[in-house]
1. Accessible surface of D25 in the full protein assembly, 1.4 angstrom probe, to the nearest 10 Å²?
2. Once you have the Cα-Cα distance between E27 and L57, take 0.36 nm times their residue separation minus that, and quote the gain in nm to one decimal.
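The values are calculated or read from the model by the stated rules, or taken from the named source; none is laboratory data. From a predicted model like this one, the values you see are computed outputs, not experimental measurements. Just so you know, the surface numbers come from the protein's heavy atoms only, side chains and all, with ligands and any DNA or RNA stripped out. Shrake-Rupley method; radii C 1.70, N 1.55, O 1.52, S 1.80 Å.
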Amino acid sequence: MTADPGEGPHMRQLLGAYVLDALPDTEARTVARHLRSCGRCAADYAAVAEAAELLALLREKDLLE
């Protein structure tokens, strides 16, 4: 968990792992709870989730070009 001065704890460092379902259950629940109450982190989550979906569309030959 990271902290922004004066704004309380945020979850940005955990969002990638959360999107990929790679967090332990307790940590995933903590992130989910935080996302429900923090619009800033929820917006970051949406961006990370979209990036992960777009990466899944890449083919190996796309990476070699």
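1. So the heavy atoms of D25 present about 110 Å² to solvent.
2. Between E27 and L57, full extension yields an extra 8.0 nm.
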